[in-house]
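S.K.: Pasting a structure here, questions to come.
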Amino acid sequence: NVSGLDPGFAYETLVGTHISTSSTQLEPEQREQFFDELRERLAEEPWVNAVTIAQNAPLSGQRSAEMRVEGQEELVSLVQARVVPGFFETLEIDLLDGRRFLDTDDADSPDVAIVNEELAERFFADRESVGGRLREPDLEKGTEREFEIVGVVRNAKPQDFLAEAPAVVYFPYAQHRY
C-alpha cells in the first residue's frame, strides 16, 4: 500500500547515508570543504547519476523553528531544511515558481529561502509568494533575520511518509554554517 503513495520526491533509486562531522576537530569551513569534496568525488563515480547534500535526509527528523511570515504578526512553526544547490533537481522536486538555489547564494549574498506549495498556499494565498519575506527571530539579540522567498517547490514529505506535507522552508546550506 505504501508503494502507491507519493512522497513528493523520487526515491526509487535513491541511496542515502548520514555523515556527521560534529565530533571532529574540523572548523566550519573545513566541514563545508569536506562535504563539497565528498559530493564532487561521489559524482565522478560511474554508477552515480546525481549527488546532493541536506542537513537531514528526507523522511527523517527535521528541524522546526518559529518564524514570522510577511503579513502575519504571530510566529508560526515551520519545518526548516538546509540544502545545497541541486537538491531539488536530484530529488526531482518540481519548481513551481521563481528559481532554485544557486552557487552564488552564499554567506556573502542576501539571505534567501525557497518554500513549498503548502506554505505558499497557506500564507500567501492572496498575493505572490516569490519576493515575499520570512523572518526568524533571535530572542537573545532581540533582532530578526530576514529571508527573501526566491522560489516555490512542489510539496515533498520531509518527515512522515503517511502524513500530509507540512509547511516547509528551505535554506541554502552555505548561508547557514555550523
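S.K.: Take the conditions touching a strand residue (DSSP E or B) at 6+ places or on another chain (Cβ under 7 Å), closer than 14 Å to H176 by Cβ and in a loop (DSSP other than H, G, I, E, B) and apply them to F147. Does it pass?
M.R.: Considered against the rule, which asks whether it is touching a strand residue (DSSP E or B) at 6+ places or on another chain (Cβ under 7 Å), closer than 14 Å to H176 by Cβ and in a loop (DSSP other than H, G, I, E, B), F147 comes out as no.
S.K.: Collect the residues in region 85-115 that are modelled with pLDDT under 95, surrounded by 18 or more Cβ atoms within 10 Å (Cβ to Cβ) and not in a loop (DSSP other than H, G, I, E, B), keeping them in residue-number order.
M.R.: Answer for region 85-115, where residues must be modelled with pLDDT under 95, surrounded by 18 or more Cβ atoms within 10 Å (Cβ to Cβ) and not in a loop (DSSP other than H, G, I, E, B): F87, F88, T90.
S.K.: Something else now. Those residues that are in a loop (DSSP other than H, G, I, E, B) and touching a residue at least 24 places away in the same chain (Cβ under 8 Å), I need them from region 32-61; list them, please.
M.R.: Matches in region 32-61: N49, A50, V51, T52, I53, Q55, N56, A57, P58, L59, S60, G61.
S.K.: Report, by residue number, each residue of region 55-71 that is on the phi < 0 side of the Ramachandran plot and either more than 16 Å from the chain's Cα centre (by Cα) or at pLDDT below 80 (or both).
M.R.: Within region 55-71, Q55, N56, A57, P58, S60, G61, Q62, R68, V69, E70 meet the criteria.
S.K.: Right, next: Considering only residues that are more than 14 Å from N56 (Cβ to Cβ) and exposed (fewer than 14 other Cβ atoms within 10 Å of the Cβ), which ones fall in region 15-35?
M.R.: Within region 15-35, V15, S23, T24, Q25, E27, P28, E29, Q30, Q33 qualify.
S.K.: Looking at (1) in a loop (DSSP other than H, G, I, E, B); (2) open to solvent by 60 Å² or more (accessible area, probe 1.4 Å); (3) over 22 Å from A165 (Cα atoms), which one does D6 not meet, given that it meets all the others?
M.R.: (3)
The values are calculated or read from the model by the stated rules, or taken from the named source; none is laboratory data. From a predicted model like this one, the values you see are computed outputs, not experimental measurements. Cβ: placed from backbone, ideal geometry, glycine included. Neighbour counts: every protein chain shown. Surface areas here come from the heavy atoms of the whole protein model, side chains and all, with no ligands, DNA or RNA. Shrake-Rupley method; radii C 1.70, N 1.55, O 1.52, S 1.80 Å.
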